[in-house]
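What follows is a set of notes on a single structure, which appears directly below.
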Amino acid sequence: MNTSIRKRTVTVLATAALVTGTALTMGAGSASAAPNATFSVGALQSDGSRTITIKSGGTTAGTVKWTANGDTLTATDSKADGYGISGYVTADPYLIANTAGHASPYTATAHRDLAEDKSYTYWACIGNNSEGLLCSDVYKVTS
C-alpha cells in the first residue's frame, strides 16, 4: 500500500512540475516579446509636475507628463510603431491616460481634481496587446 501512495505522490508532483514549467516558459516568451525601449525621467518640478520620455530605436516614441497645476496626466504617442503609450497615477481610482487603438501622433489626457499637496506615484508604459507592456520605474509626483 505504501508503494501505491508513493507512486501517486510522485505522479502528482511530476504533473505539477510539468504544468508549472510550461506556465513559466509561456510567461517568459510573452515577457521577452515586449517592445525594446528606454525611459528617461525629468526632475520633479517645484509644483510637483514631472515628465517621462520613452525612446525606441533611437527616437522618441512618446512622453507621459503629470501636470500638478490642473491634476492632468497626458500620454503622447509620437511614433507610428504599432505601440501605444500609457501613463498611470495612483489616485483613487487610478488616473490612466492611454493612446492604444489610435493612429500616431495621438495624445490622451486624464484629469480629476485631487487634494492639494498630496504625494502620488506615477509611471509610463509602451506596448500593445499582442507583445505586452514595458514600463518605467515608479516615480513620485504631487498634486
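Just so it is clear, none of the values below were taken in a lab; they were calculated from the coordinates. Bear in mind the structure is a predicted one, so any value in this text is a computation, not a measurement. Positions of Cβ are generated from backbone atoms using ideal geometry, with glycine treated the same way; all protein chains shown enter the neighbour counts.
What the table shows:
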read-out	value
Cut-off under 5 Å, modelled amide H: who pairs with residue 85 long-range	99, 100
Within straight-line cross-link reach of residue 65, aspartates and glutamates at Cα separation under 15 Å, skipping those fewer than 8 residues along the same chain	47, 77, 137
Point-to-point label distance, residue 128-residue 111, nm (Cα→Cβ direction, 7 Å offset)	3.1
Unsatisfied cross-links (Cα-Cα over 18 Å) in the set 55/118; 79/140; 55/79	55/118; 79/140
Burial ranking of peptide ranges 74-85, 38-49 (average Cβ count within 10 Å, highest at the top)	74-85, 38-49
At 1.306 mPa s and 10 °C, Stokes diffusion of the range 38-142 via Kirkwood alpha-carbon radius, µm² per second	117
Sequence ranges 108-118, 57-67, ranked by mean other-Cβ count within 10 angstrom, highest first	57-67, 108-118
The range 38-142 - charge dipole about Cα centre, Lys and Arg +1 at Cβ, Asp and Glu -1, debye rounded to 20	220
